[in-house]
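Novice: Could you have a look at this structure, given as structure tokens, before my questions?
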Amino acid sequence: ILGITSCSSKNEKKDAKDNKNAPVAIDVSIAKLEKHSNPVEANGSVLAFEYVELKPEVAGRITQLNIKEGMPVSEGTLLVKLNDEDLQAQLRKYRSQLDLAVKNEKRLKSLLSVNGLNQADYDQALVQVNNLNADIDYTLAMIAKTEIRAPFSGTVGLRNVSKGAYVTQQNIIATIQQTNALKVDFVLPEIYASAVKQGLKVKVINDKGISFNATVIGIEPQVNTSTRNLKIRAILESGASVSPGSFVRVVFNEGEERERILINTNSIIPETRFKKVVLIKNGVAEFVKVETGFRSESKVEIISGLTAGDTFAINGILFLKPGSPIKIKSVK
């Protein structure tokens, strides 16, 4: 019995060793260069060419409210007027004092010309005139702050207050937007920084699938350190039927069609810091680091790590480890 058990144990170890060294049957593919352009797609938002929230510079009660909701207004149009009676009274007071000060300054100037007055007395009268002029300028500036005028020609939105309401600098009375031209802001990974230039033509697609042409007019010079994305702004050509705030997709080609190595996405082994592909060399598996480029639903570009003619595994990757013997079932 001992002899039979011993022989049986040796046979099991031999079989286990043979199974461990048995080649893994997998399908492979051969890397090759393919001509391909890289369509890049990003999410974006439509913005009005100009947009302002109308807020008062000073607190006060609204005495005039000339906002017609949803209607166009011209630059400089008076939209809101706050109560300024106290400032108007102060202005009248300063102007009355100025008239007297000017007359006094002229009288002292004539006396100074015939040496009937010393220079210090005249200088004091002149300072009084200048101070009153400054007080008037200051009061006029405060009166101007009680008025809200359209900063540019555009369309007024919905108002949030009524005539007679008391408002502060935190109250948004309404908005005004310039919608005869529209902008689109979108972000891209920093890898595409060299592909985006001012003047680049892009397509903007709305949620109904309708596309419009746009031109890149500006690029944020600094990459966002949190997301590693680059912010880009394009201006839509006239006639685009989209509203500010709408979600759109922005599509453009990274560059001219060129030769690239493309492999299936399931052939990539993602790791914490690197990505790897299993090469088949001399009948064994070899794990190599690769650098990837653009990615589609089923393909990914290999920038480095693979060369045309390399054989790589396309399935059974979970059962492989470095140095595993390979049996090729088919080449796909």
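The values are calculated or read from the model by the stated rules, or taken from the named source; none is laboratory data. Here the structure is a predicted model, which means the values were calculated and not measured. FYI the Cβ positions are ideal-geometry reconstructions off the backbone, even for glycines, and counts take in every protein chain you see. Please note that ligands, DNA and RNA were not included when accessible areas were found on the heavy atoms of the full protein model with its side chains. Shrake-Rupley method; radii C 1.70, N 1.55, O 1.52, S 1.80 Å.
Novice: With the requirement that a residue be open to solvent by 40 Å² or more (accessible area, probe 1.4 Å) and at pLDDT 90 or above, what does the range 179-197 give you?
Specialist: Hit for the range 179-197 is Val187, nothing else.
Novice: Quick one: is Ile269 open to solvent by less than 20 Å² (accessible area, probe 1.4 Å), among the β-branched types (Val, Ile, Thr) and closer than 26 Å to Lys327 by Cβ? First the steps, then the outcome.
Specialist: Values: open to solvent by less than 20 Å² (accessible area, probe 1.4 Å): no; among the β-branched types (Val, Ile, Thr): yes; closer than 26 Å to Lys327 by Cβ: yes.
Considered against the rule, which asks whether it is open to solvent by less than 20 Å² (accessible area, probe 1.4 Å), among the β-branched types (Val, Ile, Thr) and closer than 26 Å to Lys327 by Cβ, Ile269 comes out as no.
Novice: Of the residues Val129, Val184, Val167, Val102, which single one is within 30 Å of Ala234 (Cβ to Cβ) and either of a type outside the set (Val, Ile, Thr) or in contact (Cβ under 8 Å) with a residue 12 or more places away in the chain (or both)? Write out each step before concluding.
Specialist: Numbers: Val129 fails: within 30 Å of Ala234 (Cβ to Cβ); Val167 fails: within 30 Å of Ala234 (Cβ to Cβ); Val102 fails: within 30 Å of Ala234 (Cβ to Cβ).
The unique qualifying residue is Val184.
For (1) open to solvent by less than 40 Å² (accessible area, probe 1.4 Å); (2) farther than 26 Å from Asn133 by Cα, each residue gets a yes or a no:
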residue	(1), (2)
Ile67	yes, yes
Pro72	no, yes
Glu75	no, yes
Leu79	yes, yes
Glu85	no, no
Leu91	yes, no
Ser96	no, no
Asp99	no, no
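Novice: If I ask for residues that are open to solvent by less than 60 Å² (accessible area, probe 1.4 Å) and either among the charged types (D, E, K, R) or modelled with pLDDT of 85 or more (or both), which ones from the range 232-249 would you list?
Specialist: First, pick out the residues of the range 232-249 that are open to solvent by less than 60 Å² (accessible area, probe 1.4 Å): 232, 234-236, 240, 242, 244, 246, 248.
Of everything in the range 232-249, those that are open to solvent by less than 60 Å² (accessible area, probe 1.4 Å) and either among the charged types (D, E, K, R) or modelled with pLDDT of 85 or more (or both) turn out to be Ile232, Ala234, Ile235, Leu236, Val242, Pro244, Ser246, Val248.
Novice: Still on this structure, I have one more. Read through the list (1) within 17 Å of Tyr138 (Cβ to Cβ); (2) outside any loop (DSSP other than H, G, I, E, B); (3) under 37 Å from the mean Cα position of the chain (by Cα), then give the number of the only condition that Glu57 fails.
Specialist: Unmet condition: (2).
Novice: Looking only at the range 306-328, filter to residues that are open to solvent by 40 Å² or more (accessible area, probe 1.4 Å) and among the small types (Gly, Ala, Ser); which one of those is modelled with the lowest pLDDT?
Specialist: Of the range 306-328, the ones open to solvent by 40 Å² or more (accessible area, probe 1.4 Å) are 307-309, 315, 318-319, 321-323, 325, 327-328.
Filter again for among the small types (Gly, Ala, Ser), leaving 308-309, 323.
Values: Ala308: 87, Gly309: 87, Gly323: 84.
Filtering first and then ranking leaves Gly323.
Novice: Could you grab me the full set of residues in the range 146-174 that are open to solvent by less than 30 Å² (accessible area, probe 1.4 Å), among the β-branched types (Val, Ile, Thr) and part of a strand (DSSP E or B)?
Specialist: Listed by number, the residues that qualify are Ile148, Val156, Val167.
Novice: Do the conditions hold for Phe252, that is, is it under 30 Å from the mean Cα position of the chain (by Cα), at pLDDT 85 or above, surrounded by 14 or more Cβ atoms within 10 Å (Cβ to Cβ) and not in a loop (DSSP other than H, G, I, E, B)? Spell out how you get there, then give the answer.
Specialist: Working: under 30 Å from the mean Cα position of the chain (by Cα): yes; at pLDDT 85 or above: yes; surrounded by 14 or more Cβ atoms within 10 Å (Cβ to Cβ): yes; not in a loop (DSSP other than H, G, I, E, B): yes.
In short, yes.
Novice: Working only within the range 201-247, note down all residues that are touching a residue at least 60 places away in the same chain (Cβ under 8 Å) and in a loop (DSSP other than H, G, I, E, B).
Specialist: Val242, Ser243, Pro244, Gly245, Ser246, listed by residue number.
Novice: Another question about this same structure. For Lys332, state whether it is modelled with pLDDT under 85, surrounded by fewer than 17 Cβ atoms within 10 Å (Cβ to Cβ) and not aromatic (Phe, Trp, Tyr).
Specialist: So Lys332 fits the description; yes.
Novice: A follow-up question, please. Could you figure out which of (1) assigned to a helix (DSSP H, G or I); (2) among the hydroxyl-bearing types (Ser, Thr, Tyr); (3) in contact (Cβ under 8 Å) with a residue 60 or more places away in the chain isn't true of Tyr138?
Specialist: The number of the failed condition is (3).
Novice: For the range 92-118, which positions are over 20 Å from Leu140 (Cα atoms) and in contact with a helix residue (DSSP H, G or I) (Cβ under 7 Å, 6 or more places away or on another chain)?
Specialist: Selection gives Asn104, Glu105, Leu108, Lys109, Leu112, Leu117.
One line per residue, one yes/no per condition, for (1) in contact with a helix residue (DSSP H, G or I) (Cβ under 8 Å, 6 or more places away or on another chain); (2) among the charged types (D, E, K, R):
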site	(1), (2)
Asn133	yes, no
Thr146	yes, no
Ala150	no, no
Val156	no, no
Gln170	no, no
Phe186	no, no
Ala195	no, no
Lys201	no, yes
Asn213	no, no
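Novice: Scan the range 28-58 residue by residue and report those that are over 28 Å from Arg258 (Cα atoms) and either acidic (Asp, Glu) or open to solvent by less than 80 Å² (accessible area, probe 1.4 Å) (or both).
Specialist: Kept after step one, since they are over 28 Å from Arg258 (Cα atoms), are these residues of the range 28-58: 45-58.
Within the range 28-58, Ser45, Val46, Leu47, Ala48, Phe49, Glu50, Val52, Glu53, Leu54, Pro56, Glu57, Val58 meet the criteria.
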